Amino acid sequence: MLYIKCPYCGLRAQKEFSYGGDATVKRPNINEEVSSEDWDNFVYMRKSPRGKHIELWQHIAGCRQWIKVQRDTATHEIFQTAKVTEEIR
Amino acid sequence: MSQPFRLNKEGLINRNKKISFTFNGKKLFGYEGDTIASALIANGIHLVGRSFKYHRPRGFFGAGVEEPNAKLQVEFNGHSEPNVNATEMELVEGLSVTSQNCWPSVNFDVGAINNFLKMFFPAGFYYKTFMWPKSFWYKIYEPFIRKAAGLGVASIEKDKERYEHKFEYCDLLVTGSGPSGLASAYAAAKNGAKVILAEDKPRFGGTLLTDDVSIDNLSGKDWAEKIITELKSMPNVTVKNRSQVFGYYDHNMLVMFERVSDHLEKKSKFTPRQRLWYIRAKETILSTGSIERPIVFGNNDTPGIFLSAAAKEYMKVFGVLVGKKPLIFTNNDSAYETALEFKKNNVEPIILDTREEHSSELIDEAKSKGIDIRFSHGVIVANGYKKVKSAKIGKLNKDKNSFEKIETIECDCICVSGFWTPSVHLASQSGNKLKYEEKIDAFIPDKKKQHETSVGAANGSFTLEESLKNGFENGSNLSVKITETKTEITIPNVNEKKYGAHDKFWCMPLPKNENPKRFVDFQNDVSVSDIEIALREGYRSIEHVKRYTTLGMATDQGRTSNLNGLQLVSNIENKIVPEVGHTTFRPPFTPITIGTIVGREVGMEYMPTRKTPMHEWHEKNNAVFVDAGAWKRPRYYKQGNETLFEASKREAKNVRENVGICDVTTLGKIDIKGPDAAEFLNRVYTNAWMKLPVGKARYGLMLREDGIVMDDGTTTRISENHYHMTTTTAQAANVLSHLEYYLQIVWPELNVNVVSTTEQWAGAAIAGPKSRDMLSKLYTDLDVSNDALPFMGYKEAEFFGVPSRIFRISFSGELAYEINVKSDHGMFMWEKMMEVGKEFGNQPYGTEALSTLRIEMGHVAGPELDGRTIPSDVSLNGLVSKKKDFIGKNSLGREAFNVESRQKIVGLIPIDRKSSIPEGSHIVQDQNAKLPNPKLGHVSSSCWSVENNNPFSLAIMKDGKNMIGKKFFAVSPLKNKSIEVEVISSHYVDPEGKRVRS
Ligand SMILES: [Zn+2]
């Protein structure tokens, strides 16, 4: 079970979090024209890297904040966590 | 009464307490402190089971967790447990122990015919033989293999025992209380660290209990006791025996299995049987020791053959002789200690040493005691079927590939030692890649991946001096980093016997013209020839050899067989062991009970039960409940002998004709506040929200970004910047996370806050043509006329003195209202409604009637919004704004969403107007068509229409409305039904929606 450092609450067990996917995906702006290709990329296309991956987790059984976690998908090592408003590296 | 193999005084057992038990029906005695194994051996019983594949007679081989054979069925505390390791389970009064994998008895086993047919059971036998014909697999082969290969019998009774889970955090977890573990724990504890010391066995001390050593002039056992006593007295230390750390998971989380009470004769009903510990440790000391490995020889699985250290442990810990005519077969010095222990107990051993004649401290001592030592000798074949009677031995030639001077000597046990294998399972589980240590012919931990440090024998240090030094140093260094306190400890003086070099010898060659089985893996019956076959057939990777032969795949995880298997493969392949590599260690290290994994999460404790504030009333009024997530909702209120069908029909009819009330507390409720709330809703919902006035509700539809409907519900504008959103019961949590995602990540510039208020409000729906009349009696001071409180209107008013919210919204399609009061007032509200509603014929209705009402109105719910439908599929495209952007809008233009023949919602009625259509039925053109019969759609929701008095269903069907008027078949192979149906509109009742507005 992972041990995730919530930037608001501190180290908490994985049980308290839910996973939210790739954190680097940016939604096309609302009310702006978007090409089909860009839209499809946003909705469907995700990389599945082996190694470092910046992803979203929500501390659902805690402060309910969505946070960024940089994790190694193969070893589960967590390098860094941050608020969603902060940049990772 | 007598125990013929019990020594007079040796051992750590309590001779003052005799314990009776039965083995295969025979009454026997042992002492408190015995294991099942030691008590049986004391009684001279060795044959306890039959092997997995060949049903060969098997006895005990080890004295602890390494035991591959002695898995027994044990009955105690009124339950029966299979595959209990007899070398680990402690004896308690009244145990009933039986052999397994044998029929009709362990002494005469029909399955043993496999042993004589063994030429037909080579490696890969199951794969090869039972592959063809394919149709035979399920009916003939599989049940046969199951029966033949069965281990114990799992109980079908409910497990009445109590199991617990515990979460713990510590600075240092020490896994094993041998010398290096004790030293580590002690040093860390002295530095002020929070320490947990776990020992698998009942007694602390590990090899200190059996080795002839002294530390600071105390015997190993006394020193261990002194350290443990001191550790127990320290408030920062938790010391646990009967506790096996079996798994090393991510981020230094280790899981430990504690056997709390199986060894107790009496316990309170609150004492758990076993406890699972989740331990998050900052640092871990792996002091798991090492396990002796055997040397492979002919018929080496015969009962009476033991690991030499196990034989010593039976003498020193349990005061039990494994035999009175022992043959010791070794390639190293450690078995000499076993020989000396026999000698001390007036038993004359013979030592066969594969090494050439040489001298060492132990060899010299054995010689001086007059022990018969035969160098360059080994056991070729053990003789005896159910127990060793003699051994054919021979003198090994220089190349050790052949032997001469073959003779047969009598013996009643063979104690074998092929040197020591560090227990590296936890290190390996932690991600440590392990490295091969030539000096000890075994793998030891390599570079760490987590915060683990292996010490002592687990790290390949086989001397006491090294182990202690290792332990004290690592325990101190690891803890000082955490506590920043250092207490100096003097490393004690050690007196131990020095071992000479061991012989790299694994396997005795076969005698000429004889072909006895030489077992590598006892538990899975894998022999040398099986490994040879696998290699001959082209399997090269050790992982493939393992799976093909099943070597090391039994519950003992190959503790005594893995390395011998690797050596064999490397010998045959002419590779060095590190090139062959090792297989992966996986948790759990030892089998653990399912009960422990489950813990307290059974029955009612499986998950929290959510009850509405009116729950007690429902209970008192014969509600039959249904689970809606964690919620309990009344499905119907049973009157007399009513069936579900009758009751729900009555309740639904009463809503259509009079008025009914329904507990709708479980609906998700989200409070939305902030100056940008309207803009936010406008982006979240598909329809327009900017112009909703205060005091009005609106039905809203929410999509995922891929255009699929996520949820629906009404949202009401309570005040300028304050909205009250409702979601379906099932989606409440997801919708909240969804909103939080957009507010926190996508549009942080929007000034909006959301919070769940589901638990804060109790809700009741009042539905039916007489609901306004009833409402006017509930709110006598309020104008509830259609003009004052129109459809989708909202008002706040006092409900008999308590604040309440009135929403004129409807799920049933009738004139209806929903009243919310604070949860604390829920029961008050409900009872008042029941009282006031009497004159209008009010009756409570449950979810079944609620479904009926919404289905015949064509209102969609979960079964239609099943994660595959877009708004136009369920006739909700009217709610999709063309003017503004919203979540998922861009996906709605996708080609596949806009083809004319796309599946859409329709209604179905059976042609006979009688047959109910099972939900999940497939719609087909021709019920007799050849399979696969093309599927045109499926039935999503079914009910008995109370309005029209016949069955009615909603379906999602290809070509949707174009099919109206046509006839098809709804087939349910599951219910074995085929019903001819006609497609009609999904709005079966009041298609214009007049009633809700009336
Ligand atoms: Zn948090």
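So the check is Cβ under 6 Å with 6+ separation or different chains; which pairs have a first residue in region B:176-194 that's touching a residue at least 60 places away in the same chain (Cβ under 8 Å) and surrounded by fewer than 24 Cβ atoms within 10 Å (Cβ to Cβ) and a second one that's assigned to a helix (DSSP H, G or I) and not aliphatic (A, V, I, L, M)?
Pairs found: B:Gly192/B:Thr483.
Scan (1) more than 9 Å from chain B (Cβ to nearest Cβ); (2) on the phi < 0 side of the Ramachandran plot for the single condition A:Trp66 breaks and write down its number.
Among (1) more than 9 Å from chain B (Cβ to nearest Cβ); (2) on the phi < 0 side of the Ramachandran plot, A:Trp66 violates only (1).
Within region B:245-255, which residues are assigned to a strand (DSSP E or B) and within 14 Å of chain A (Cβ to nearest Cβ)? Break it down into steps so the answer makes sense when it comes.
Of region B:245-255, the ones assigned to a strand (DSSP E or B) are B:245-249, B:253-255.
Within region B:245-255, B:Gly247, B:Tyr248, B:Tyr249, B:Met253, B:Leu254, B:Val255 meet the criteria.
Pull up region B:549-585, narrow it to residues that are of a type in the set (Ser, Thr, Tyr), surrounded by fewer than 20 Cβ atoms within 10 Å (Cβ to Cβ) and out of contact with any strand residue (DSSP E or B) (no Cβ under 9 Å at 6 or more places or on another chain), then point me to the one that is nearest to B:Pro294 (Cα to Cα).
At the first step, the residues of region B:549-585 found to be of a type in the set (Ser, Thr, Tyr) are B:549-550, B:555, B:560-561, B:570, B:583-584.
In the following step, the residues that additionally are surrounded by fewer than 20 Cβ atoms within 10 Å (Cβ to Cβ) were identified as B:555, B:570, B:584.
Filter once more, keeping what is out of contact with any strand residue (DSSP E or B) (no Cβ under 9 Å at 6 or more places or on another chain): B:570, B:584.
On the way: B:Ser570: 17, B:Thr584: 21 Å.
Here the answer is B:Ser570.
Can you pull out the residues in region A:24-39 that are in contact (Cβ under 8 Å) with a residue 12 or more places away in the chain and within 8 Å of chain B (Cβ to nearest Cβ)? If you could, list the steps in order and put the result at the bottom.
Applying the first criterion (in contact (Cβ under 8 Å) with a residue 12 or more places away in the chain) to region A:24-39 yields A:24-28.
Answer for region A:24-39, where residues must be in contact (Cβ under 8 Å) with a residue 12 or more places away in the chain and within 8 Å of chain B (Cβ to nearest Cβ): A:Arg27, A:Pro28.
Please verify whether region B:754-773 includes one or more residues that are of a type outside the set (Lys, Arg) and assigned to a helix (DSSP H, G or I). Don't jump to the end; show me each part of the working.
Filtering region B:754-773 for residues of a type outside the set (Lys, Arg) gives B:754-769, B:771, B:773.
If we keep only those that are assigned to a helix (DSSP H, G or I) as well, we get B:771, B:773.
Looking for residues that are of a type outside the set (Lys, Arg) and assigned to a helix (DSSP H, G or I), one finds at least one in region B:754-773, hence yes.
Return the only residue of B:Arg913, B:Arg868, B:Arg902, B:Arg894 being under 20 Å from B:Val983 (Cα atoms), among the charged types (D, E, K, R) and either at pLDDT below 95 or under 40 Å from the mean Cα position of the chain (by Cα) (or both). Explain how you work it out, then say what you get.
Working: B:Arg913 fails: either at pLDDT below 95 or under 40 Å from the mean Cα position of the chain (by Cα) (or both); B:Arg868 fails: under 20 Å from B:Val983 (Cα atoms); B:Arg894 fails: under 20 Å from B:Val983 (Cα atoms).
Being under 20 Å from B:Val983 (Cα atoms), among the charged types (D, E, K, R) and either at pLDDT below 95 or under 40 Å from the mean Cα position of the chain (by Cα) (or both) holds for just one of B:Arg913, B:Arg868, B:Arg902, B:Arg894, which is B:Arg902.
Could you check how many residues of region B:186-244 are under 32 Å from the mean Cα position of the chain (by Cα) and in a strand (DSSP E or B)?
Qualifying residue count, region B:186-244: 10.
Go through region B:29-78 residue by residue and tally those that are in a strand (DSSP E or B) and among the basic types (Lys, Arg).
As a first pass, look at region B:29-78 and keep what is in a strand (DSSP E or B): B:29-32, B:35, B:49-50, B:57-58, B:71-76.
Filter once more, keeping what is among the basic types (Lys, Arg): B:50, B:58, B:71.
Residues flagged as in a strand (DSSP E or B) and among the basic types (Lys, Arg) within region B:29-78 amount to 3.
Could you tell me which residue of region B:643-681 is surrounded by the fewest Cβ atoms within 10 Å (Cβ to Cβ), considering only residues that are of a type in the set (Lys, Arg) and farther than 18 Å from B:Ile806 by Cα? Break it down into steps so the answer makes sense when it comes.
Restricting attention to region B:643-681, the residues satisfying the condition of being of a type in the set (Lys, Arg) are B:649-650, B:653, B:656, B:669, B:673.
Remaining after also requiring farther than 18 Å from B:Ile806 by Cα: B:649-650, B:653, B:656, B:673.
Working: B:Lys649: 21, B:Arg650: 17, B:Lys653: 19, B:Arg656: 23, B:Lys673: 15.
Applying the filter and picking the extreme gives B:Lys673.
Looking only at region A:40-60, which residues are polar (S, T, N, Q) and either over 20 Å from B:Glu705 (Cβ atoms) or touching a residue at least 40 places away in the same chain (Cβ under 8 Å) (or both)? Walk me through how you get there before you give the answer.
First pass over region A:40-60, keeping only residues polar (S, T, N, Q): A:41, A:48, A:58.
Passing the criteria: only A:Gln58.
Quick check on my filter: what residues within region B:192-248 are touching a Phe, Trp or Tyr at 6+ places or on another chain (Cβ under 6 Å) and aromatic (Phe, Trp, Tyr)?
B:Phe246
Please verify whether A:Trp39 is under 10 Å from the mean Cα position of the chain (by Cα) and of a type in the set (Phe, Trp, Tyr), treating the condition exactly as stated.
no
Looking only at region B:621-629, decide whether some residue is over 30 Å from B:Glu740 (Cα atoms) and out of contact with any strand residue (DSSP E or B) (no Cβ under 8 Å at 6 or more places or on another chain).
No.
Every residue in region B:388-400 that is crowded, with 16+ Cβ neighbours inside 10 Å, in contact with a strand residue (DSSP E or B) (Cβ under 8 Å, 6 or more places away or on another chain) and not in a strand (DSSP E or B), please.
B:Val388, B:Lys389, listed by residue number.
Hey, any hits in region B:344-363 for a residue that's in a helix (DSSP H, G or I), more than 41 Å from the chain's Cα centre (by Cα) and under 19 Å from B:Leu7 (Cα atoms)? Steps first, answer last, please.
Initial filter on region B:344-363 (in a helix (DSSP H, G or I)): B:344, B:361-363.
Right, trim to more than 41 Å from the chain's Cα centre (by Cα) and you get B:344, B:361-363.
Then keep just the ones that are under 19 Å from B:Leu7 (Cα atoms); that gives B:344.
Yes, because at least one residue in region B:344-363 is in a helix (DSSP H, G or I), more than 41 Å from the chain's Cα centre (by Cα) and under 19 Å from B:Leu7 (Cα atoms).
Every residue, every condition in (1) over 37 Å from the mean Cα position of the chain (by Cα); (2) surrounded by fewer than 20 Cβ atoms within 10 Å (Cβ to Cβ); (3) more than 11 Å from chain A (Cβ to nearest Cβ); (4) assigned to a loop (DSSP other than H, G, I, E, B), yes or no:
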site: B:Asp706; (1), (2), (3), (4): no, yes, no, yes
site: B:Asp712; (1), (2), (3), (4): no, no, yes, no
site: B:Thr715; (1), (2), (3), (4): yes, no, yes, no
site: B:Ile718; (1), (2), (3), (4): yes, yes, yes, no
site: B:Met725; (1), (2), (3), (4): yes, no, yes, no
site: B:Ala733; (1), (2), (3), (4): no, yes, no, no
site: B:Ser737; (1), (2), (3), (4): no, yes, no, no
site: B:Gln744; (1), (2), (3), (4): no, yes, no, no
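Please go through region B:401-430 and give me each residue that is touching a residue at least 12 places away in the same chain (Cβ under 8 Å) and surrounded by fewer than 17 Cβ atoms within 10 Å (Cβ to Cβ), ordered by number.
B:Asn401, B:Ser402, B:Ile406, B:Glu407, B:Thr408, B:Ile409, B:Glu410
Can you tell me which residue in region B:682-695 is farthest from the chain's Cα centre (by Cα), limited to those that are within 18 Å of B:Thr726 (Cβ to Cβ) and surrounded by 19 or more Cβ atoms within 10 Å (Cβ to Cβ)? It would help to see each step written out before you state the result.
Filtering region B:682-695 down to residues within 18 Å of B:Thr726 (Cβ to Cβ) leaves B:682, B:684-687, B:689, B:692, B:694-695.
With the extra rule that they be surrounded by 19 or more Cβ atoms within 10 Å (Cβ to Cβ), the set shrinks to B:682, B:684-687, B:689, B:692.
Numbers: B:Asn682: 45, B:Val684: 39, B:Tyr685: 41, B:Thr686: 42, B:Asn687: 45, B:Trp689: 48, B:Leu692: 51 Å.
Top of the filtered list is B:Leu692.
Within region A:1-85, considering only strands (runs of 3 or more DSSP E) that don't extend past its boundaries, which have at least 2 residues that are away from the ligand (no atom under 14 Å from the Cβ) and closer than 17 Å to B:Met253 by Cβ?
A:66-72
Of the residues in region B:199-235, how many are surrounded by 22 or more Cβ atoms within 10 Å (Cβ to Cβ), closer than 20 Å to B:Ser461 by Cα and of a type in the set (A, V, I, L, M)?
3
Can you name every residue in region B:564-589 that is within 30 Å of the chain's Cα centre (by Cα) and part of a loop (DSSP other than H, G, I, E, B)? Step through it out loud before you land on a result.
Here is the first cut: in region B:564-589, the ones within 30 Å of the chain's Cα centre (by Cα) are B:565, B:581-589.
The answer is B:Gly581, B:His582, B:Thr583, B:Thr584, B:Phe585, B:Arg586, B:Pro587, B:Pro588, B:Phe589.
Of all the residues that make up region B:79-105, how many are assigned to a strand (DSSP E or B) and either surrounded by 22 or more Cβ atoms within 10 Å (Cβ to Cβ) or out of contact with any His (no Cβ under 9 Å at 6 or more places or on another chain) (or both)?
Step one: list which residues in region B:79-105 are assigned to a strand (DSSP E or B), which gives B:79-85, B:90, B:96-98, B:104.
When the remaining residues are screened for being either surrounded by 22 or more Cβ atoms within 10 Å (Cβ to Cβ) or out of contact with any His (no Cβ under 9 Å at 6 or more places or on another chain) (or both), the result is B:79-85, B:96-98, B:104.
Qualifying residue count, region B:79-105: 11.
Quick check on this structure: which one of B:Glu265, B:Glu230 is free of Cβ contacts under 8 Å to residues at least 60 places away in the same chain and either away from chain A (no Cβ under 14 Å) or farther than 26 Å from B:Thr35 by Cα (or both)? Write out each step before concluding.
Working: B:Glu265 fails: free of Cβ contacts under 8 Å to residues at least 60 places away in the same chain.
Just a single option satisfies the conditions, and that option is B:Glu230.
If we scan region B:279-288, do we find a residue that is within 14 Å of chain A (Cβ to nearest Cβ), assigned to a strand (DSSP E or B) and either small (Gly, Ala, Ser) or in contact with a Pro (Cβ under 7 Å, 6 or more places away or on another chain) (or both)?
Scanning region B:279-288 turns up at least one residue that is within 14 Å of chain A (Cβ to nearest Cβ), assigned to a strand (DSSP E or B) and either small (Gly, Ala, Ser) or in contact with a Pro (Cβ under 7 Å, 6 or more places away or on another chain) (or both).
The values are calculated or read from the model by the stated rules, or taken from the named source; none is laboratory data. As the structure is a prediction and not an experimental result, all values here were calculated from the model. Positions of Cβ are backbone-derived with ideal geometry, glycine not excepted, and every protein chain shown enters the neighbour counts.
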